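In what follows, a single structure is set out as structure tokens and then discussed.
The values are calculated or read from the model by the stated rules, or taken from the named source; none is laboratory data. The structure presented is a predicted model; accordingly, all values stated were derived computationally and were not measured. FYI the Cβ positions are ideal-geometry reconstructions off the backbone, even for glycines, and counts take in every protein chain you see. Quick note on the areas: whole protein, heavy atoms, side chains included, nothing else; ligands and nucleic acids left out. Shrake-Rupley method; radii C 1.70, N 1.55, O 1.52, S 1.80 Å.
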Amino acid sequence: MSEYLPGLAGVPATKSNISDIDGQKGILTYRGFPLEQLAEHSSFEETTLLLLDGELPSATSLADFDMQLKKNRVVKYHIRELMKNLPSRGHPMEMLQTAVASLGMFYPGKECLTGEDFCENLNYVHDMTVKIIARMATIVTMWQHLRNGYEPVNPRKDLSYAENFLYMLTGKEPDPLLAKILDVCLILHAEHTINASTFSVLVTASTLASPYSVVAGAIGTLSGPLHGGANQKVIEMLHAIGSPDKAEEYISNRLKNKEVIWGMGHREYKTKDPRAKILQKLFRNLIEKRGGNINPLFEIALEVERICEERLASKGVYANVDFYSGILYAEMGIPADQFTTIFAVARSAGWLAHWREQLADNRIFRPTQVYIGSGIRTYTPIDQR
Ligand code: COA
């Protein structure tokens, strides 16, 4: 009998050449490029193409890909109508999962359900990938208006992915600095090896289900507070703490009650998450550009991180990506319950790169189990129990 490892910790689920983590040194690379370099020099569009194709694109390929994304930003009227019928108080991640699953009804891609050959057709895979990545941003921002009783803002073709996201969200010309910060956030969240939601991508993809089912399943997996949902929990925690001087008591109480500190810890990193470092730097830049005007939540966050380092570093628990992303999104005026949907928008790039990789060398996932139930028994009729 093979050894059972809870949470499959350390068990390879696939071979992949998309991204890599050195958890001891705190290094994350996409296709071999350190994340810091991509955050500084690349754009979400370019990083997405790098994740999908494996190489940095030429200027022509990038411009072509950018235009394909722009052309596919509009979603069908019927999807808007469907979204209007969802309860306005529902969580945006539930909405996103519903809307993405419904794309499969309106833009069918059923060939994947039956024909292995078709799945291996790269043009088809690329086309589906563009459609989903382009429309995810539209759906998320549409919801912000629809749930408040307003008509959504139509996408524009003259703006980058991040600029257009902010434009559709607010209806105003995007602030270049905030758009740049959002672009970096999208790059940082685009991919992260075989985490829970990406594992769900592999499992669903391996059945040759449609890419909409693949991504809808991953959105559901990402929504949990132990995964992408942690960024919303972090902001709620910082609000609950209220001021830096209350942080010590708050953390002590949670640790005493064996509760986690949101935004801390990671299965892979035994040092500070490199994405958290980049986000912290972005926040400091933003403060500088705004003449030192500091969001009080940032000061609380710094204090929480300091205390957690004292208490949890011995267990290899440090700040992760979700610890600072929420504070930045709050600065952009994005409501806390939309933080995880932005994570999903960015991660759709990585998910679909893994979908493509899985299809290229597919075998259906069918793990085994360690059965710990009863031995064979004889059925007792109900009147004799
Ligand atoms: N707060 C307090 N203690 C934590 C912690 C946290 N956020 N994360 C891990 N620990 C502790 C565990 O209690 C455990 O302590 P023990 O050895 O005394 O029992 C030890 O560190 C190892 O943690 P473990 O639960 O085995 O790690 P994991 O790899 O199974 O879980 C996470 C990883 C991410 C699920 C976990 O760190 C967590 O719940 N973090 C908070 C949620 C979060 O921010 N998620 C976003 C991840 S990007």
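Go through the stretch 192-228 residue by residue and tally those that are within 15 Å of Thr341 (Cβ to Cβ), open to solvent by less than 10 Å² (accessible area, probe 1.4 Å) and within 14 Å of the ligand (Cβ to nearest atom).
Going through the stretch 192-228 one residue at a time, the tally reaches 3.
So the check is Cβ under 7 Å with 6+ separation or different chains; which pairs have a first residue in the stretch 82-94 that's surrounded by fewer than 16 Cβ atoms within 10 Å (Cβ to Cβ) and a second one that's part of a loop (DSSP other than H, G, I, E, B)?
Ser88/Arg147
Look through Leu28, Leu35, Leu56 and report the one residue that is at pLDDT 95 or above, touching a His at 6+ places or on another chain (Cβ under 8 Å) and over 17 Å from Arg356 (Cα atoms).
Leu28
Those residues that are of a type outside the set (Ser, Thr, Tyr), over 19 Å from Ala39 (Cβ atoms) and touching a Pro at 6+ places or on another chain (Cβ under 8 Å), I need them from the stretch 162-184; list them, please.
Matches in the stretch 162-184: Asn164, Met168.
In the set Glu310, Glu331, Glu305, which member is open to solvent by 40 Å² or more (accessible area, probe 1.4 Å), within 13 Å of the ligand (Cβ to nearest atom) and among the charged types (D, E, K, R)?
Glu310
Return the only residue of Arg267, Arg254 being within 11 Å of the ligand (Cβ to nearest atom), free of Cβ contacts under 8 Å to residues at least 24 places away in the same chain and either farther than 19 Å from Ala346 by Cβ or assigned to a helix (DSSP H, G or I) (or both).
Sole residue among the options that is within 11 Å of the ligand (Cβ to nearest atom), free of Cβ contacts under 8 Å to residues at least 24 places away in the same chain and either farther than 19 Å from Ala346 by Cβ or assigned to a helix (DSSP H, G or I) (or both): Arg254.
Here's the yes/no breakdown for (1) closer than 24 Å to Leu69 by Cβ; (2) in contact with a Lys or Arg (Cβ under 6 Å, 6 or more places away or on another chain); (3) among the β-branched types (Val, Ile, Thr); (4) without any contact (Cβ under 8 Å) to a residue 40 or more places away in the chain:
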site	(1), (2), (3), (4)
Tyr4	no, no, no, no
Thr14	no, no, yes, no
Gly23	no, yes, no, no
Tyr30	yes, no, no, no
Phe33	yes, no, no, yes
Leu38	yes, no, no, no
His41	yes, no, no, yes
Glu45	yes, no, no, no
Leu52	yes, no, no, no
